[in-house]
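See structure below.
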Amino acid sequence: MISRLALASLLCLAATVPGQAAELLSIRGITRTGEVLSRFRLDIANASVVAVCRIPRGWSIGATDIGNGNSSVSGEAVPGAAPLRAATGPVLEDMFLIDQPEPTAHPARFQGTATVAAQGSTQPPQDRPLDGGNIALSAAERCP
């Protein structure tokens with residue numbers, strides 16, 4: 001049986017992009033004070049998701065290679081899990097490792113939605129748009 005440490009080492013090696021300029025993708029500015037995030041979806045044009053770097057406790061996170069250099073990532077709190085809130089720190093920091101084959105000629109474009117609600121409110125959650133203004137990229141060879 002593979003130990004957890006060995007499995008983690010294999011996952012880190014699999015999330016390395018040798019010879020390519022990969023970037024860590026963070027999604028920011030989603031929630032305001034007193035709000036929680038329960039779901040998101042982000043379509044990425046001109047970039048491929050190489051790895052999911054972390055999964056928040058109680059969340060389901062997925063990445064799909066749509067083809068033609070395009071990807072999609074999504075996540076949501078599993079039933080009974082606590083939604084994410086900004087008061088606990090950056091909620092979606094360094095989540096994905098992506099590769100942009102031609103970042104200068106064809107930079108990545110981002111578009112999606114995030115579902116947020118006021119913490120403890122009985123009001124229905126609302127979807128907010130996500131775009132390049134919510135995205136922060138930082139150079140990396142692998143997941144942190």
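Determine, yes or no, whether T104 is over 17 Å from E23 (Cβ atoms) and hydroxyl-bearing (S, T, Y). Judged against the criteria, T104 is not a match. For I55, are the conditions met, namely being part of a loop (DSSP other than H, G, I, E, B) and modelled with pLDDT of 90 or more? Answer is yes for this residue.
For D94, the conditions (1) under 24 Å from T33 (Cβ atoms); (2) within 17 Å of the chain's Cα centre (by Cα); (3) crowded, with 17+ Cβ neighbours inside 10 Å all hold with the exception of (3).
Within region 102-144, can you find the residues that are surrounded by 13 or more Cβ atoms within 10 Å (Cβ to Cβ), more than 13 Å from the chain's Cα centre (by Cα) and assigned to a loop (DSSP other than H, G, I, E, B)? Scanning region 102-144 gives P103, H106, P107, A108, Q119, P125, E141, R142. Every condition in (1) closer than 25 Å to A21 by Cα; (2) touching a helix residue (DSSP H, G or I) at 6+ places or on another chain (Cβ under 9 Å); (3) crowded, with 18+ Cβ neighbours inside 10 Å is met by L37 except one, and the failing one is (1). Would you confirm whether or not region 3-25 contains a residue that is under 11 Å from the mean Cα position of the chain (by Cα), modelled with pLDDT of 90 or more and surrounded by 13 or more Cβ atoms within 10 Å (Cβ to Cβ)? Taking every residue of region 3-25 in turn, at least one turns out to be under 11 Å from the mean Cα position of the chain (by Cα), modelled with pLDDT of 90 or more and surrounded by 13 or more Cβ atoms within 10 Å (Cβ to Cβ). With the condition kept exactly as written, say whether any residue in region 58-65 is modelled with pLDDT of 85 or more, part of a loop (DSSP other than H, G, I, E, B) and surrounded by fewer than 20 Cβ atoms within 10 Å (Cβ to Cβ). So far as region 58-65 goes, yes, one or more of its residues are modelled with pLDDT of 85 or more, part of a loop (DSSP other than H, G, I, E, B) and surrounded by fewer than 20 Cβ atoms within 10 Å (Cβ to Cβ).
The values are calculated or read from the model by the stated rules, or taken from the named source; none is laboratory data. Since the structure is predicted, the reported quantities are computational estimates derived from the model, not experimental observations. For neighbour counting, all protein chains shown are included, and Cβ atoms are generated from backbone atoms with ideal geometry for every residue, glycine included.
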